[in-house]
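Scroll down for the structure; my scribbles are underneath it.
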Amino acid sequence: MLLSVSAKSQKWPAGAFTDMKGNRVTGFINPSPSGKGPVKDEGFIEFKDDEKTHPYKLTASELKSFIVGKDSFVVAHAPQNTLWTKKELDFVKVEVNDEDTKLYVAIVGTDLGRGSGFGIHPTGEIGMGTGFGGYGGYGTGAGGGVGIDLGGGGGGYSKVAATYYYGPNTAEMQMVTPQNFNDVMGDIMGDEPDVLDKINANQYNLGNIQKLIAYYKQVKEAESGKQKAQSKQN
């Protein structure tokens with residue numbers, strides 16, 4: 001669910017970026033800036049060192065990754081044989097950071113209310129939380145993507161498509177489809193038997209994948225809490 005914060009804090013949440021040399025810089029990030037980017041066919045973000053300084057633009061080719069709140073984004077080239085944003089180089093969100101197989105999501109669509117690149121909600125969230133507006137169109141927008149409404153359409157983020165990818169890294173990522181959904185998600189989340197059972201029972205699909213991701217993270221957090229409690233007892 002989208003965070004209820006002011007427009008100012010939505011646009012400039014605290015974050016950090018890592019450049020191509022591995023330098024990490026903290027400050028404030030606008031992950032969804034309007035206007036043209038510094039480099040044609042590349043996504044970009046805006047960054048401020050502190051709340052009072054003038055922002056400057058950082059293009060995808062200058063960065064390895066950036067973080068907004070708890071959300072991580074990495075730079076990715078358009079995967080082969082799939083539709084993408086208008087940018088050849090853009091950002092994807094890391095939904096599940098599994099050691100062997102990661103789950104990524106890209107948001108594409110022409111009605112983001114902003115003019116550039118990856119459609120990230122200013123809070124750093126992609127806006128899908130619990131509210132899917134309409135996911136009847138596999139194969140639309142992003143070629144296998146899920147059509148969704150962001151933020152109820154009230155903030156300029158209406159119809160877009162979310163496309164999910166999996167792989168050990170962005171260079172090898174492939175699209176999650178209705179046909180491979182159970183196998184892929186079972187591979188990524190199979191370390192939690194309860195989650196795997198629900199996947200195999202077809203309780204989840206691309207249409208409610210965000211609910212599956214939330215459930216998996218909830219189970220992982222509960223498991224981590226138990227381990228910490230046992231460690232303290234010992």
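The values are calculated or read from the model by the stated rules, or taken from the named source; none is laboratory data. Being a predicted model, the structure only gives us computed values, none of them experimental. Cβ sites come from the backbone with ideal geometry, for glycine too, and all protein chains shown count toward neighbours.
Structure above, values below:
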read-out	value
Verdict on residue 69 being more than 30 Å from residue 186 (Cα to Cα) and of a type outside the set (A, V, I, L, M, F, W, C)	no
Looking only at the range 186-202, and only at residues there that are part of a helix (DSSP H, G or I) and either touching a residue at least 60 places away in the same chain (Cβ under 8 Å) or on the phi > 0 side of the Ramachandran plot (or both), the one that is surrounded by the most Cβ atoms within 10 Å (Cβ to Cβ)	189
Hits in the range 161-185 (condition: aliphatic (A, V, I, L, M) and surrounded by 22 or more Cβ atoms within 10 Å (Cβ to Cβ))	161, 162, 173, 176, 185
Residue check for residue 65: modelled with pLDDT of 95 or more, more than 16 Å from residue 172 (Cα to Cα) and either small (Gly, Ala, Ser) or not in a strand (DSSP E or B) (or both)	yes
Enumeration of residues in the range 19-62 that are under 17 Å from the mean Cα position of the chain (by Cα) and β-branched (Val, Ile, Thr)	29, 45
Of all residues making up the range 44-69, the number that are within 14 Å of residue 31 (Cα to Cα) and without any contact (Cβ under 8 Å) to a residue 12 or more places away in the chain	1
Count - residues of the range 55-80 that are in contact with an Asp or Glu (Cβ under 8 Å, 6 or more places away or on another chain), closer than 17 Å to residue 23 by Cα and among the small types (Gly, Ala, Ser)	2
